[in-house]
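Below is one structure; the comments refer to it alone.
Each reported figure results from applying straightforward, stated rules to the coordinates on display, with no laboratory input. A quick note: this is a predicted structure, and the numbers were derived from the prediction, not measured. Here Cβ is always computed from backbone atoms with ideal geometry, including for glycine, and neighbour counts include all displayed protein chains.
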Amino acid sequence: MGTCEKCGEVSSSFEMRDGLCKYCWTPEVVSVKQEIGFIWWEVWAWLGLTLGNLFTFALNGGVNMITLAVAIPTTILGILILKYNKYAFLIATILSLNPLLWIINGIYLKNRWNHPNVNKK
Ligand SMILES: [Zn+2]
């Protein structure tokens with residue numbers, strides 16, 4: 001048994017190919033899956049969860065209402081990004097208020113917007 005990475009359907013192992021069910025498997029999907037990496041995706045999520053939150057606390061004088069109001073959404077977004085939620089990635093990018101990141105992550109996300117990894121149901 002296996003779960004299709006694209007549609008989430010459970011099929012027998014005989015019907016699975018490259019982690020996809022027989023309905024989702026196409027040469028195009030497989031080539032995209034193999035060529036495009038998600039290293040920055042995970043690094044970006046972990047940076048937000050670790051350094052992002054540390055900076056928030058450091059710049060705003062430790063744990064207080066303001067830092068929690070920033071750190072809690074940051075943490076939720078970070079976890080959602082680690083779950084390959086593309087909307088969380090987009091929101092976190094916008095909220096970074098960093099034009100350089102808007103460009104870098106904007107292009108990065110655009111290239112992955114229809115990727116099966118970020119379109120699981
Ligand atoms: Zn499928």
For this session: Kindly provide the pair-distance distribution of the range 49-117 built from C-alpha pairs, with 10 Å bins from 0 and whole-percent values in order of increasing distance.
Result: 20, 47, 27, 6, 0
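Considering only Cα-Cα distances, which of the following residue pairs are longer than 21 Å: K22/K86; K6/K83; K22/K83?
In this structure, K22/K86; K22/K83 exceed 21 Å between Cα atoms.
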For this session: Sort W44, W25, W102 so that the residue with the fewest other Cβ atoms within 10 Å of its own Cβ comes first and the one with the most comes last.
Result: W102, W25, W44
For this session: Pop out the Kirkwood hydrodynamic radius of the chain from its pairwise C-alpha distances, inverse of mean 1/r, in Å to one decimal.
Result: 16.0 Å
Seminar exercise, completed: If Y87, Y108 are placed from fewest to most neighbouring beta carbons inside 10 Å, the sequence is Y87, Y108
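Got the relative contact order for the chain handy, in percent, Cα pairs under 8 Å and 6 or more residues apart?
27 percent
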Exercise. In nm, what is the difference between 0.36 nm times the number of residues separating L54 and V10 and their Cα-Cα distance?
Worked result: 11.8 nm
